[in-house]
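Every number in this text was worked out from the coordinates using simple rules, so none of it is lab data. Computed from a prediction, not measured in an experiment: that's the story for all the values here. Virtual Cβ from ideal backbone geometry, glycine too; neighbours counted across all protein chains shown.
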Amino acid sequence: MPIRTRRGRSGAYRGLWEWPLHSPVRFLVVLVALAAVVAGVAYLGTWASSRSGHSSSALAPVPDVPTVTAVPSAAAPPPELTPTNLPLSAAPQAALGVAQRWATAWADHPAGVTGAAWSQRLAPYTTDEYLPVLASVDPSNVPSSRVTGPPQAVEVHPDSLRVDVPTDAVTLQLLVVQVGAADWRVAGYDRAS
């Protein structure tokens, strides 16, 4: 078995390979120097080939393609934009009906009803994403026992609306969103201010 020493040719090679690994700074300096050498060689190769004037015959020249610029037509009006806020009268009756049914089910919580049973009654009118939030609500904390008036739209957008529904204890403000072509669901509620 050979004895490894720092003497001789193998010791000199080992010293060269170990030198950059003695500290992170040395290693970084070596990497930067290598990157500079590679970049320099690549630049010199590109510079030399451009100075020689020889082009590769394997590459065909690209023909000039004329550019086409579109000129707007003065006769065509700009497209109609849908407003972000719609008038309150534009509130879909289907969405208001969902708000009414949801608020009625929300206020209906007989003594002893579980959170799971209460939230299951709200499920047909609630988005899938919001249903787990409702499942964590204790129905005994719901202050209302009945809805006392019709739903009123307070903010209408093309695919959502905010609806106030009065109850015997608080006025609920529901966020009703469109989830299908004609299907509306409640995606959140709070007390109206």
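Points worth noting:
- As a rough guide to protection, the peptides 139-149, 166-176 ranked by mean Cβ packing within 10 Å, highest first, stand as 166-176, 139-149.
- Protection proxy ranking, peptides 121-134, 34-47, average beta carbon neighbours within 10 Å, highest first: 121-134, 34-47
- Computed Kirkwood radius, in angstrom, where 1/r is averaged over Cα pairs of segment 84-142: 12.6
- Summarised as an ellipsoid, segment 96-177 has semi-axes of 21, 16, 9 Å, derived from the eigenvalues of the Cα gyration tensor scaled by 5 and square-rooted, with the largest first.
- Size of charge dipole - segment 125-193 - debye, nearest 20, with Cβ of Lys, Arg +1 and Asp, Glu -1, no other charges: 180
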